[in-house]
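Data block below; observations after.
What follows is calculated from the coordinates using simple rules that are stated; it is not laboratory data. Since the model is a prediction, treat every value here as computed from it, not as a measurement. Every residue, glycine as well, gets a Cβ built from its backbone with ideal geometry; the counts of neighbours run over all protein chains shown.
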């Protein structure tokens, strides 16, 4: 398996966690997003969308982090990243999608660049924008976790899974513009629990060989 | 089943299509987004995230459109909305996520309002923004469809599924600022094929009882 990613990409961070949880070894393909390597012709042949991550495995290339994680869960069922029951699976997927659909894409590098370039906003305005969307999403995420009997040390019970895989990289992103996490005690607790696990800690951007800042 | 939605919400549109494809009857709960009904206390008890859709079913409330569609597919397996093989499922989910993660959330009402309100951009700038993100996503979507042997009259072969459910509402959205669809002949063909089916046509915003413009 070869994972095309970037140390700071939180979508690639998700796939790194999933591969680690499954105990799957992988080779790195580094695509430097700030240098625009995602738009190089060679990489566009791998992923025509020009984003990371992409995972080369079983003679094909998979794209889109959540689809990749679901594939890994289907092809390597243990440990399971989703509960067995349909209602539990819907809850975990919905939590993951609060991050994957409603927070992360709005704060992605290409969107921040559009706000800064064509729309002319400065770093201050970008920071307010960035934290606004995380806080809006985390408000909902925290309310959905707190008081739900399925919530445990992790988003769903005693083992980390798809929702934690989406959540933890977003918590790491929240450090960028120093978002106050005190309104989100359940999220903060799950973050601490995950970071005690090698699968999460080893996937952290600071631990990646392509880290350059 | 009760679907909380809004005629113009393309995430609710996805769930309407899935319910229709599965032949499942549902009651409507109309949440008028432009009037802010998604932030009313009563609705926040249903969906703490304050977004549509939400689906009340089997004694619970499900949120996040893609998680809802996967739930419907797991609990009502026929007709299947995902292929049987893991690679095919990953391809269909990735196509769906190009829309659900990388186009739609960036163009959502709440984001356009932030651009217009706090950031002070006019309708012209909003239209350029809106079409930029659709075109960027459709460029990739079209390349992934064209020349892939799995593509047929629908995104995956002979039957509509999850990728079509995500794509078609986004094509309808592209009419808002009159995006030129001629660079996307495969998408345009699939759109025409879907709209010939009652499940898609009956789910169109123009056919909803809460339509107000």
Rg and Dmax in Å for the stretch A:86-200, alpha carbons only: what are they? 14.8, 46
Full-extension gain in nm, residue A:109 to residue A:39, via 0.36 nm per residue minus C-alpha separation: 23.8 nm
Whole-Å distance linking the alpha carbon centroid of the stretch A:137-183 with that of the stretch A:68-127 is 12 Å
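For residue A:80 and residue B:58, FRET efficiency with R0 = 22 Å and r from the beta-carbon atoms, rounded to 0.05? Please list the in-between numbers first.
Values: r = 22 Å, r/R0 = 0.99.
Once the sixth-power term is evaluated, E becomes 0.50.
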Please list, by residue number, everything in the stretch A:189-210 whose backbone N is under 12 Å from a paramagnetic label point 7 Å out along Cα→Cβ of residue A:32. A:210
Put a point 7 Å out from Cα along the line to Cβ at residue A:120; what are the distances to that point in the other copies, in nm, shortest first? 0.9
Which whole-number percent of Cα pairs in the protein assembly as shown have a distance greater than 31 Å? 35 percent
On average, how much area does the Cα convex hull of the stretch B:2-79 cover when viewed from any direction, in nm²? 4.7 nm²
Nm distances between the label at residue A:210 and the same-position labels in the remaining copies, 7 Å along Cα→Cβ, shortest first? 4.3
Sorted shortest first, the nm distances from the residue B:146 label point (7 Å along Cα→Cβ) to its counterparts in the other copies are 5.1
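Would you please classify the overall shape of chain A from the alpha carbon gyration tensor, given that a ≥ b ≥ c denote the square roots of the eigenvalues, rounded means a/c under 1.5, and beyond that prolate means a/b larger than b/c while oblate covers the rest? All intermediate terms of the calculation are to be shown ahead of the outcome.
Details: a/c = 1.77, a/b = 1.09, b/c = 1.63.
Oblate, since a/c reaches 1.5 and b/c is not below a/b.
Given R₀ = 25 Å, FRET efficiency for residue A:125-residue B:212 by Cβ-Cβ distance, to 0.05? It would help to have the intermediate numbers written out before the result.
Details: r = 33 Å, r/R0 = 1.34.
For R0 = 25 Å, the calculated efficiency reads 0.15.
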Per DSSP H run of n ≥ 4, the term is -39500 (n - 2.57); total these for chain A, divide by its residue number, and report the mean residue ellipticity at 222 nm rounded to 500 deg cm²/dmol. -15000 deg cm²/dmol
I want to verify a result. In a Gaussian network model of chain A, Cα cutoff 10 Å, which of these has the top mean-square fluctuation: A:71, A:177, A:114? A:114
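Would you work out if the stretch B:50-129 is rounded, prolate or oblate? Take a ≥ b ≥ c from the square roots of the eigenvalues of the alpha-carbon gyration tensor; rounded if a/c is under 1.5, else prolate when a/b is larger than b/c, oblate otherwise. Let's see the in-between values first.
Details: a/c = 4.56, a/b = 1.79, b/c = 2.55.
It comes out oblate by the Cα gyration axes.
Between residue A:178 and residue B:158, how high is the FRET efficiency from 1/(1 + (r/R0)^6) when r is the Cβ-Cβ distance and R₀ = 51 Å? Nearest 0.05. Display every interim value, and only then the final one.
Numbers: r = 52 Å, r/R0 = 1.02.
Working from the Cβ atoms, E equals 0.45.
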